1. Kindly provide the set of residues from the stretch B:1-35 that are within 20 Å of the chain's Cα centre (by Cα) and of a type in the set (D, E, K, R), ordered by number.
2. So which residues in the stretch A:281-338 are among the β-branched types (Val, Ile, Thr), modelled with pLDDT under 85 and crowded, with 24+ Cβ neighbours inside 10 Å?
3. Scan C:327, C:280, C:295, C:288 and give me the residue that is over 24 Å from residue C:268 (Cβ atoms), among the aliphatic types (A, V, I, L, M) and in contact with a helix residue (DSSP H, G or I) (Cβ under 9 Å, 6 or more places away or on another chain).
4. How many residues are out of contact with any Gly (no Cβ under 7 Å at 6 or more places or on another chain), among the β-branched types (Val, Ile, Thr) and over 15 Å from residue C:222 (Cβ atoms) when one looks only at the stretch C:317-334?
5. Identify, by number, the condition in (1) of a type in the set (D, E, K, R); (2) assigned to a helix (DSSP H, G or I); (3) under 24 Å from residue C:21 (Cα atoms) that residue C:219 doesn't meet.
6. If the requirement is being under 27 Å from residue C:97 (Cβ atoms), at pLDDT below 80 and of a type outside the set (Asp, Glu), which of these qualifies: C:29, C:63, C:46, C:5?
7. Select from the stretch B:64-120 the residues that are among the aromatic types (Phe, Trp, Tyr), closer than 30 Å to residue C:147 by Cα and more than 11 Å from chain C (Cβ to nearest Cβ) and list them in ascending order.
8. Restricting to the stretch A:85-103, and then to whatever is of a type in the set (Val, Ile, Thr) and buried (at least 24 other Cβ atoms within 10 Å of the Cβ), can you tell me which residue is farthest from the other protein chains (Cβ to nearest Cβ)?
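The values are calculated or read from the model by the stated rules, or taken from the named source; none is laboratory data. None of the values given here were measured: they were computed from a predicted structure. Heads up, the Cβs are rebuilt from the backbone with ideal geometry, glycines too, and the neighbour counts pull from every protein chain shown.
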Amino acid sequence: MSALFDYHALAPELILAFTVMAVLAVDLMPVPKYYAAVTGLVGLFASIIPLLTLALCSELSFCSDNGARLLFGDSYVVDTFSLVLKGLFLVSAFISLLLAVGYVESDRYYQGEYYFLLLASVFGAVVMASSRDLISIFVGLELVSGPAFLLAGWRKGDARSNEAALKFFIVGVLSAAILLFGMSLIYGVTGELTFSGIRAATVGGELPAVFTLGVLFVLMGFAFKVSAVPFHFWTPDTYEGAPTPVTAYLSVGSKAAGFVGLLVICYSAFANMRDIWGPALWIIAVASMTLGNLIAVRQTNVIRLLGYSSIAQGGFMLAPFAVASMVEGVELEGALFATVTYLLFYAFMNLGAFGVVMAGMSKVKSAELSSWSGMAQYAPGLSMLVVIFFFALAGVPPLAGWFAKLVMFQAIISGAPNVWAVLLGVIAAVNAVVAFFYYAKVVKTVWMDSVPVEIPAAELGGSGLNPALALALGITAIATIVTGLFPGVLSFFGEATRTFASGF
Amino acid sequence: MGDWLSEVANWWFAAVALAMGYAAYRVVTSANVVHAVLALVATLGGSAVLFLLLGAEFVVWTVVLVYIGAVIVLFLFGIMITRAPLGYEAELDHPPKTKALAAIVAGAMFLLIGWTLVDAFGTEEVTASVTTVGDIGLQLFGRFVLPFEVVSLVLLAALIGGIVLARQDPVDIEDQR
Amino acid sequence: MIVNFWVTLGIKMALVLGVMLVGALVSIFGELKISAHMQSRIGPYFAGGRWGWAQPLADGLKFIQKEEIIPDTVDVRVFKLAPYVVLMGTMAIYVVIPFGPDMVAGNLDLGVFYVLAISSISTVGVLMAGWSSGNKYSLMGGLRAAAQLIAYELPLVLAVVGVVILAGTLSLNGIVEAQAQWQWFGVTPEWLNVIPPYLILQAVGFAIFLTASLAELSRTPFDMPIAESELVMGYLTEYSGLRFTMFFLGEYAGMVALAAIASTLFLGGYWLPFVSDDLLNFIGPVVLITKIALLVFLFIWMRWTFPRLREDQLQQLAWRILIPVALANIVVTAVLKVVF
């Protein structure tokens, strides 16, 4: 029997909820608007503290137990898996907020509301990481996406931003409907809301075909959220039209939330259904990485390029799911470990890459690749960062990405005798090469091409970086380099989540 | 079948369900927006009556208050404040191909849901354990308190974000002056 | 057994209808007389002999025998249905009003919630009437009415929450009993509750409830939907004959209904001290009707005292004052309930 209310276990959520409200209150007061952002940053930092005390519970004197804490009739679980992912969400929110401060201050944006919505969305992601029943996870997902729809349209006067928000909203609502329909089918068949209940109800026995349909609908719903092919149509337009810091958040925070939902629901509720979701995700993974990479090669706009690249990276993250139906025990844990670890590495690299894009745009006022050519001549520091983040995304050692790709391939190969696993490995390897091509194209343009003639040289390299953006770039750059040299720093957290795959 | 006929509640159910079905059909086929919305009122009212037959009183009045009293009124309000001509609009009609497709999708959905329900429950009698308002309240603020509170934040975020996106910027108003 | 059920149902329906009609007619007469005296007039004095008491009846007969004119441009079905929808929403409230411990047509477990839900149906009827008339004044009147009803539905509901928190039940009978058994600091004798405890504890809620009721009823100072100097007669412009009578009756029946709900929630309802439950079934209605009459008088008094608000002022009053105050009232009530 689980405790009804455990304040220690819920402390991160409570602090974050308080922060969300505090940001609104600060926005109301007659103080400079960036105070609201500072409040948000402090709150995010404060809510990381209880994560640490929860993780180190056995070492601390005031803390009694150390196992997973089950709350609200097993529907909310605080274990190492959820703690690690909450940490990921809070840290990436911290960086997203830093990215946003300078941007929203630079023009006529509503600032306090921006920070409020961003934090509300993060709160939803944090709730999702612990949710272990259909209702909580759906509500959490809605809280992640609801504010994101609005943020995508934050540039009110800009038709493209409106288009971004509208596309994102319509697709998001459709996916929520599909997800909910799938969930209702599952609830109808099993009569259970909690994942542990669904798992218990699906042991061994024959299940009606409708249950399979429910599982597929749920997968489809989440596939929209992680913008996997063929549910990716909204991604490039939304990424391009939305304000850039929002895009950064969408490609990391909101996407990671979708992956967490997928991880939780696949490995716990549908643990006995691996034969269904394994093959389905195999197809989706292969389609995402292939299509994402092939289209990314032809992109001339850096943000669209990153949009397609994030679709492809999502395919890499989905690949370990696909082998989960072929392996057991430690290797099944390895598949989960690979996805979580990839997610952790990807977060820093991709946030950094968007930070660089924002910095680049503040210099040349454009995200078109052609106008970035020769940037190394007037902004060598920034160009160095381009090298770091884009090569990291490509997986060039010793930058962070290589280790993520390594564990991903390890997981795929663990299913090796199976012909599908081998095929997946080959496709992923080919894709990694294709991806290197277009990441390298950006680096080449920046370093080797000459400055375009139509841009007067006097206008270039003028303004310095906004301090918040510089801080965000510094954090992500250091993280990318350090975790590339010592991948154990991040993979330690991935290791901590391993046991989630083998039961609770 | 004889059992089914002898139960009065089943007759009520059949009558209400048929009426609902017709009203729902009118929602889709009506060539006047306001008529479609009013047919929707009838459909929702029918669902309230079905819940009443099941003895789920709280759900009944929630449906009435939230759907008929709030959602539909906002629908009507929105339609009337923008455009709501009397009579029929030809542009609301669809080509036969689209209609056929819609009919197929709707029929498939009906079969799917119907089959799921029969498959999952069959003739088994489902007894509800939580029916009174007090029980519902205890459940909401006990087992389901977290999603309940999260929903409140979803609504708050939607409210604030919606206002920000919809309002006329104070700066723009100053520009106009 | 089944027959018995239908007979009881029939009697109850007839009683509800009767109470509603009589209540509406009496309050119409009250309005005629009180408004006249407030303006130093005599008011009706001819029909029915003494005081002109039969004036509302005569009015009703006149309306019934008049020809009902339906203009060419109206949407006939919706136009004809609208008054029934409005009247239904009002009539259904009477079902749960407790006139005594057993003198209630249906003692619902969720009485208050039922009242708020069912009364919201009237809004749909008003919009139907406004739109189907095919008249700009009607449409604007209907829209104004809907905007007003949406805005004031919220403070109305929120004001009731305080009472529900104190009473711990949604049943109207339960709320009356809770007021009867209220104890100040656990020692005070029960008879002291002739001064209704919720009138003191929920004074803020009562004030909000009355204000919102006035707006829900579209009565001055909140009568923009039918403001005759601006919109002819608002959504009623095209109605005549029997259907107009139904709107007219519905308005006054609604006034009585909301006054009855307010008396039950805040003024202790039918309850009197030192009287057994059996006797209360006979005295209760008198007590409740007295309270209703006081509140109806208050409504009429306000109508002939305050000038009409402007549309934006009306919305500001609801969203900027009443709703925040009602929310604060809920918080304070809940905190006090937990503390004491």
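1. Of everything in the stretch B:1-35, just one residue is within 20 Å of the chain's Cα centre (by Cα) and of a type in the set (D, E, K, R), namely B:26.
2. A:323
3. C:327
4. Result for the stretch C:317-334: 4.
5. Answer for residue C:219: the failing condition is (2).
6. C:5
7. none
8. A:95
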